[in-house]
1. In deg cm²/dmol, rounded to 500, what helix-only [θ] at 222 nm does the protein assembly as shown give when every DSSP H run of at least 4 residues adds -39500 (n - 2.57) and the total is split over its residues?
2. Set the Förster distance to 41 Å, then compute FRET efficiency between B:MET407 and B:GLU595 from the Cβ-Cβ distance, nearest 0.05.
3. Can you bin chain B into rounded, prolate or oblate? Criterion: square roots of the alpha carbon gyration tensor eigenvalues sorted a ≥ b ≥ c, rounded for a/c under 1.5, prolate for a/b above b/c, oblate for the rest.
4. Averaged over its residues, how many other protein chain Cβ atoms are within 10 Å of peptide B:716-728's Cβ atoms?
5. When Rg is the radius of gyration of the Cα atoms in the range B:1-58 and Rh is its Kirkwood radius, what does Rg/Rh come to?
6. How long are the semi-axes of the ellipsoid equivalent to the range B:499-576, from square roots of 5 times the Cα gyration tensor eigenvalues, in whole Å, largest first?
7. Which of B:TYR654, B:TYR122 comes first, and how do the rest follow, when ranked by fewest Cβ neighbours within 10 Å?
8. Can you sort B:LEU590, B:LEU212, B:LEU493, B:LEU101 so the residue with the fewest Cβ neighbours within 10 Å comes first?
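Read-outs throughout are calculated quantities, based only on the coordinates presented, and are distinct from any laboratory measurement. Quick caveat: nothing in here was measured; it's all calculated off a predicted structure. Positions of Cβ are generated from backbone atoms using ideal geometry, with glycine treated the same way; all protein chains shown enter the neighbour counts.
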Amino acid sequence: MEVKLDKTYPVGASVAQAWAVLGDIRATAACMPGAQITEQLDDTHYKGTVKSKVGPAVMTFGGDIEVLALEPAAFRLQMVGKGADKSGSSASMNLTAHLEPGDAEGQSKLVGRATFVVSGKLAQFGSRLLVPVSDAMLAQFAKNFDAAAAAVAAASAVGEPAPAVAAGTPAPAAPAKELNALALMWTVIKGWFAGLFGKKT
Amino acid sequence: MNAPETKERLAALQGMGDSRLRKEDARFIQGKGNYVDDIKMPEMLHMDIVRSPFAHARIKGIDKTEALKVPGVLAVLTADDLKPFKLHWMPTLAGDVAAVLADEKVHFQMQEVAVVIATDRYAAADGVEAVQVDYEELPVVIDPFEALKPDAPVLREDLAGKTEGAHGKRDHHNHIFTWDAGDKAAADAAFDNAAVTVQQHLYYPRVHPCPLETCGCVASFDPVRGELTTYLTSQAPHVVRTVVSLLSGIPESKIRIVSPDIGGGFGNKVGVYPGYVCAIAATIVLGKPVKWIEDRVENISSTAFARDYHMDGEIAATADGRITGLRVNVVADHGAFDACADPTKFPAGLFHICSGSYDIPAAYAQVKGVYTNKAPGGVAYRCSFRVTEAVYLIERLVDVLAQKMNMDKAEIRAKNFIKKEQFPYTSAFGFEYDSGDYQTALDKVLEAVDYKALRAEQAAKRADPSCPTLMGIGLVSFTEVVGAGPSKMCDILGVGMFDSCEIRVHPTGSAIARMGTISTGQAHATTYAQIIATEIGLPSEVIQVEEGDTSTAPYGLGTYGSRSTPVAGAAIAMASRKIHAKARKIAAHLLEVSENDLDWEIDRFNVKGDPSKHKTMKDICWAAYNNVPPGMEMGLEAVHYYDPPNFTYPFGIYLCVVDIDRGTGETQVRRFYALDDCGTRINPMVIEGQIHGGLTEGYAVAMGQQMPFDAQGNLQGNTLMDYFLPTSVETPHWETDHTVTPSPHHPIGAKGVAESPHVGSIPTFTSAVVDAFAHLGVTDMTMPHTSYRVWQQLVKSGVAL
């Protein structure tokens, strides 16, 4: 099952500030609810986990992340992640994200294009919900990202480009240890009803 | 003779024609059935299966370490562990091999990769999650047409270099066989000279039989005696015993396969599945009983599917609608291993019954089997081998012809029927139809539903642009071929497709009968006893019927393809007649007259002209154990192995009226009228129940069941949340009717019935739904006809509200 998502989220911080987060794979991963980088293998290869809980079922995807491109000049990140869960699901994600100036001064936009390929149980049971769930997951990610970028802005001297290395741990932004699928479900159900009554979300 | 008294005696027998209640139901409705999962043995272990999340992948490694640390887990078996016993691959019924546990590669999603054996079911499941399998994904092929492209990925590396399969030449690495029937030159000539031709592409989607009870077994090996007992969900326990013996090397005499109560089969329980083999291997290795019961998701995903036929059909006809030729080309998606359950010589089953109820002088059919990354199977889901596909094809094609010629569906059928006086009739494909009277049946149905009035109503609705519904009328006149079959044509793994019956009559006038078949819900214990009751004159109430235990039942080929009544039913009648013949000799001896001086009457032999001098069967039973004619063996028992001289050909006329909501696409079945002719009727109540069941399963297939795959080979629809099983809420009201045209070659004239309603109803639903759009030029709609799909057609045809 393949899901393609093309999304733009507003970020309340400047491109340079936001890049301090996006340019750092650990910081970016920390914005993804339930995600964690567990090990760095070399400059571009990492190991990580994504944990999600739906009722009593906990799924832990463990896998590899490869940064394919990191272009500070274009504020662009391209990465591919691939993981499997012990109970028989596997997922891969190809993500390209970049930053653009926002509508107002000191703001920016996070533009992401992601392709998820899911196999196994998740694709069998969840096929109908996969698009809205991915959507909702990314929305949570964007919210955390926005907060992380704002934290960078607070920690940095105004006007100076945020040094990516120093901003390596904008930690307070993403405390979620696992993807809270119940909260997520609510978002999904709201979205589904909205869609049912023709409301464009 | 006293007529009311005779009537009473006849009624007391509850023989053929009596709607006696099902003997099985008393235990089923009290929850006291004995299914495989009810069987518990001391020290019994539990098995669970590690399955592949991928449809096509190379296995780079399997790490059992963590699994073996799980408390309660005793063993983890992989293909490498089965290799020394040569059990990692097994032969299929279709002459191919199938992996028991994936050997280096997985070929479909949910394929068995490893098994975990533990002290309880929970530990086994935990163990399964802890087994680490390292996969390298490979390109997935889901579409059989893609599979046949020259550069398609090689699915079966184990068959590299094999240009010859079990059914002839393989011309591509994903090609299994090409099989044909009929006379191509004659069919081509009919098309060259035809005034009218029509063609239609039809897809019969992949579906799953989905019995209420999933598959499973309890295998128990006694290492001291060297005996293996296995309780198993099988529609063919003797065949399983033979296969297990061939695989394991254990003599058949030391293997006991028991099919206890079976909760529905519908073809799903014909095959031998990896779970059975692994449980048997595990009990031999561990010396303790091992239970394996699959869950619903495993059942739908990995045990035998049905159909998946891509069919192109063409009909040639004269200018006035007389069919002169039929050509059919099928691409059959068999999945990863060719595990179709067909008689060995017929890789496409009896698909060549596709000339149907019609007198078609020239016909040709070709079926090409193809490998894809889907689960293997290809079983006869409540039908004789591929007969559902065949009936769907011809009935849809005849509709398309009627549409093109602007003729009525009933009229074109009547015009092309094989006439009553043409039986026995040999079809262009070589089948010898035993008996039939299609016109009488058709007339009966058309009159019962007032067909003319229905057509008038439909015309009025079509003329009214503001009518909120589209009305469709489906009509099907099907002929099945069941009761496989004559051993000169039909065998399974070399064993002829006879069936058997052994009857033992006890001194006090009761009896036990054992057969090689096994009821999966057909009420054999009820109906078989009725045949014996009528044949030998003992009440069916005191005749016990036992099936399914290979240590007690005579060898038989099992229950599928509506073969129980045509084959085993005949064996029962013949065995009964042997007993009857011996009883006559004993009666003559007791009455001191010649055998020729005796008349048989219901339950006794009367001396001709003096019925006051008689011996009842009960008297004879007693005498058989103490006073037999000089030179005669004592006892009263008989065995018969029946090799049918021909198939039987049940038929029926089905009519369906649907109303389609132009706003939502929701299809209401307003009326469904099913007339069946199964020859002699043994128990009308059981027949009606079987017809209701078959119609409901037909409704499920036509209106909702599907197994959709995505590009990665994920099966999206393997839970009952997605896979449609109709309940009383969705199921339409059924009206049933019958005619009786006995089979001339069957000892009691019975033809078999349980599958006709499935085979016949599916094209009837499609015929009705398409008919609703016929005036808009639509000739085909692919099943299932869900509201969404029908709504899409409404939009496409410009009639959606």
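1. Mean residue ellipticity at 222 nm (helix-derived): -8500 deg cm²/dmol.
2. Numbers: r = 60 Å, r/R0 = 1.45.
After rounding to 0.05, the efficiency reads 0.10.
3. Values: a/c = 1.79, a/b = 1.07, b/c = 1.67.
Oblate, because a/c is 1.5 or more while a/b does not exceed b/c.
4. Mean shielding count: 2.
5. Working: Rg = 25.0 Å, Rh = 17.5 Å.
That ratio is 1.42, to two decimals.
6. Semi-axes, largest first: 19, 13, 11 Å.
7. On the way: B:TYR654 29, B:TYR122 13.
Listing B:TYR654, B:TYR122 from fewest to most nearby Cβ atoms yields B:TYR122, B:TYR654.
8. B:LEU212, B:LEU493, B:LEU590, B:LEU101
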